[in-house]
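This report refers to the structure that appears directly beneath it.
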Amino acid sequence: MKYIVIKCGGSVLENLPRSFYEDVVKMYDAGVWVPVIVHGGGPLINQLLKSLNVDTTFINGLRVTNLEILDIVEMVLSGSVNKQIVRNITEVGGSAFGVSGVDGSLLKARPTSDSKTLGFVGEVVEVNNCVIEGIIEQGYIPVISPIGIDASGQRYNINGDIAASAIAKALGANLCFISDIPGLLVGKNGAKKKLDKVSKATIEEMIKSQEIYGGMIPKVKAAIDGLVHKIPEVGIINGFEKNSLIDYTNGKKIGTKIVLEEVIA
């Protein structure tokens, strides 16, 4: 049994086609790969914060989170978004079970080193695999919202990419980021070009040159951290292309593969 952690960002979740969820169910039913979905929900959180007249700011792609914002983030992620994904999988004939990182202390967390600036933003210190494996053994696809908890019961807002990488590390799983673009794009001769493969060193250069910025920074950093900790493979693919997820797991050349070092032929 091979696990694949599928990270769906909030910006793509709103418009992901039915075919994406059909691919997830086909993958599960085939029995070769076991999908574990981790999701975000930024746009919906932004909408609710705006309607409540609550200001929100970001630092390097991470939302500054006080207790008021934390309550709203948890409500949106663990409530609205999580259950919508479960319903979408059910609609195409699958069985899914939605949980947050708080349930069963699935995501044990601590504050980031920048907690004075970021507030209740956390990093994962341990993943309770038993919760995920128990859901799978009961015949369900796990759908996980990235809210963490510590031993005292304090909750933390965890970036979805970072949570997905931590879960992939714990399961020894491949990690696949679902996007609305064909992969990691770079500017070349006035046009955007997709990178089929990109190394840790190149990513670091692109962050310095600001070719990679905003919410893409925690995504690629999470990918590199996962590879350093023996995640077998990390990819970024377009979830809007029919069969893209199936093609990716079948080893076809699709999206962008992130690697630690370039292999020189």
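Only the coordinates and a few stated rules stand behind these numbers; no lab work does. The shown structure was predicted, so the numbers you read here are calculated from the model rather than taken from an experiment. Don't worry about glycine lacking a Cβ; one is built from the backbone with ideal geometry, like all the others, and counts go over all protein chains shown.
Counting Lys and Arg as +1 and Asp and Glu as -1, each charge on the Cβ, what is the dipole of the chain about the Cα centre in debye, to the nearest 20?
The dipole of the chain has a size of about 560 debye.
Compute the semi-axes of the equivalent ellipsoid of segment 7-141, taking the square root of 5 times each eigenvalue of the Cα gyration tensor, and list them largest first in whole Å.
That gives 28, 19, 12 Å for the three semi-axes.
Gap in Å between the Cα centre of segment 114-144 and the Cα centre of segment 195-246?
21
Would you mind checking the pairs K193/K253; K2/K221; K83/K252; K26/K252; K2/K257; K108/K257 and listing those with alpha carbons more than 21 angstrom apart?
K2/K221; K83/K252; K108/K257
Simple spin-label model, 7 Å along Cα-to-Cβ: S51 to Q210 in nm?
Result for the modelled spin labels: 3.5 nm.
So who's got an amide H within less than 5 Å of the one on V38, skipping anything under 5 residues away but keeping other chains? H placed 1.01 Å off N, in plane.
Sorted by chain and number, the residues that satisfy this are I6, K7, C8, I144.
Which residues' amide hydrogens lie under 5 Å from the amide hydrogen of G119, considering only partners 5 or more residues apart or on another chain, with H built in the peptide plane?
The list, which skips near neighbours in sequence, is T65.
Please compute the contact order of the chain in relative form: average sequence separation of alpha-carbon pairs under 8 Å and at least six residues apart, divided by the residue count, as a percent.
Working: 532 pairs, mean separation 58.4, N = 265.
Reported as a whole number, the value is 22 percent.
Which entry is the computed percent of Cα pairs over 34 Å apart for this structure: (i) 22; (ii) 19; (iii) 13?
Label (iii) holds the value from this structure.
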